[in-house]
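Asker: The structure under discussion is supplied below as structure tokens; questions concerning it will follow.
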Amino acid sequence: MPHLSPFEWLGDALRIIDQTALPLEERYIVCRTAEDVADAIKSMKVRGAPAIGCVAAFGMVLAAKTALAKIRCRHEMFDELMRAKETLASTRPTAVNLFWALDRMTKVVTRCGTNLDELISELESEAIAIAREDVEANMRMGMYGASLIPERANILTHCNAGALATAGYGTALGVIRAAHEQGKKVHVWVDETRPFLQGARLTAWELQRDGIPFTLISDNVAGMLMRSKMVDLVIVGADRIAANGDVANKIGTYSLAVLARHHGIPFYVAAPTSTIDLSCHSGDEIPIEQRDGEEVRTILGARIVPADVPAFNPAFDVTPHELVEAIITERGIIKPPFEEGLKNILLIQ
Ligand code: MRU
């Protein structure tokens, strides 16, 4: 089975697997402009914190390439790129990887001289490096994280923190993948993750593809499973980790962390260091995306309640650091106190 990545750089376009169509249909879209990429992020055809960062970086490359036809000097190119950056940055507010990747691309823009061909080539190299480094980070995270997974563990995961949510291999699912590859006979409880069903549609698809044993559950089964001692650990990804270790991740993560603590089950977070945001002192400062209530009033486009039923649809919640056993990164495992550990891990090169 070939290595799975949600996007492929074609040199003058970005091919993205449409995650809104999976698993029933394997459909691709081709983005030729930064606006195309922004639309794909907004509509969640591509989603997951690290993947959003990677495709946004390629969005900047596309912006530079398409600008070449209409601009005359470096100054105009700079304005064009800053406009593209703004468009890409305005897509989804919670995953800090988006802003982290755009900042890396901006550094290239400001560092480069007046040669526009050179600027484009440097931007392209940087975007490719961001994607390559993400896969490498996930593989290392997998290696560190697998040491925390006991033989024959029953693992509960939420949402999709797999290959589809990154440049490849995955964060939380990368750790599970690594444990499976090491021959540990793990089994995964995959919750549906309403309303967008990333667990049911995407995580189940990835695990099935890799032959990793799993069982799909609806979101409300987790408590019963934990009480019945059928869960050994919970592992999730993250969209943003604050300086004190509070973790923003897919809505419902917090409830799982509370349940896990109540039942004495370790709750792990796996995320690359690009997800750490020391400028947010605590989770209270993390912007939480609010999405259209239609996602709650419908399932895969099928209406389940009348259109005028009020619905509340926050895309993420914050899990306080006290409920997190450890944060697994590509540079090692951080245990409490997180404040110090997170700061130190960012100093390692
Ligand atoms: O709304 P989504 O699907 O982009 O949310 C994704 C998550 O919450 C993931 O757990 C997180 O981005 C980590 S992905 C490696």
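Asker: For the stretch 86-106, does any single residue satisfy the condition of being assigned by TED's automatic domain parsing to the domain that holds Arg47 and acidic (Asp, Glu)?
Answerer: Yes, because at least one residue in the stretch 86-106 is assigned by TED's automatic domain parsing to the domain that holds Arg47 and acidic (Asp, Glu).
Asker: List pairs: first in the stretch 136-163 and more than 16 Å from the ligand (Cβ to nearest atom), second basic (Lys, Arg), Cβ under 8 Å, 6+ apart or cross-chain?
Answerer: As it stands, the answer is Ala146/Lys184; Ile149/Lys184; Pro150/Lys184; Glu151/Lys184; Glu151/Lys185; Arg152/Lys184; Arg152/Lys185; Ala153/Lys184, since those pairs meet every condition given.
Asker: Working carefully through the options Val30, Val37, Val61, Val46, find the one that is within 16 Å of the ligand (Cβ to nearest atom) and not in a loop (DSSP other than H, G, I, E, B).
Answerer: Val37
Asker: Do the conditions hold for Ala238, that is, is it closer than 27 Å to Thr329 by Cβ, touching a helix residue (DSSP H, G or I) at 6+ places or on another chain (Cβ under 6 Å) and assigned to a loop (DSSP other than H, G, I, E, B)?
Answerer: yes
Asker: For the list (1) surrounded by fewer than 18 Cβ atoms within 10 Å (Cβ to Cβ); (2) out of contact with any Phe, Trp or Tyr (no Cβ under 6 Å at 6 or more places or on another chain), I need the number of the one condition that Pro23 fails.
Answerer: (2)
Asker: Mind listing just one residue for me: the one in the stretch 169-199 that is farther than 26 Å from Glu295 by Cα and part of a helix (DSSP H, G or I) and, of those, nearest to the ligand (Cβ to nearest atom)?
Answerer: Gly174
Asker: Hey, any hits in the stretch 259-267 for a residue that's part of a loop (DSSP other than H, G, I, E, B), within 16 Å of the ligand (Cβ to nearest atom) and assigned by TED's automatic domain parsing to the domain that holds Tyr169?
Answerer: no
Asker: Restricted to the stretch 90-116, and to residues that are touching a residue at least 24 places away in the same chain (Cβ under 8 Å) and closer than 15 Å to Leu62 by Cβ, which residue is nearest to the ligand (Cβ to nearest atom)?
Answerer: Top of the filtered list is Thr91.
The values are calculated or read from the model by the stated rules, or taken from the named source; none is laboratory data. This structure is a prediction, so every number in the text was calculated from the model and none was measured. Ideal geometry is used to build each Cβ from the backbone, glycine not excepted, and the neighbour counts take in all protein chains shown.
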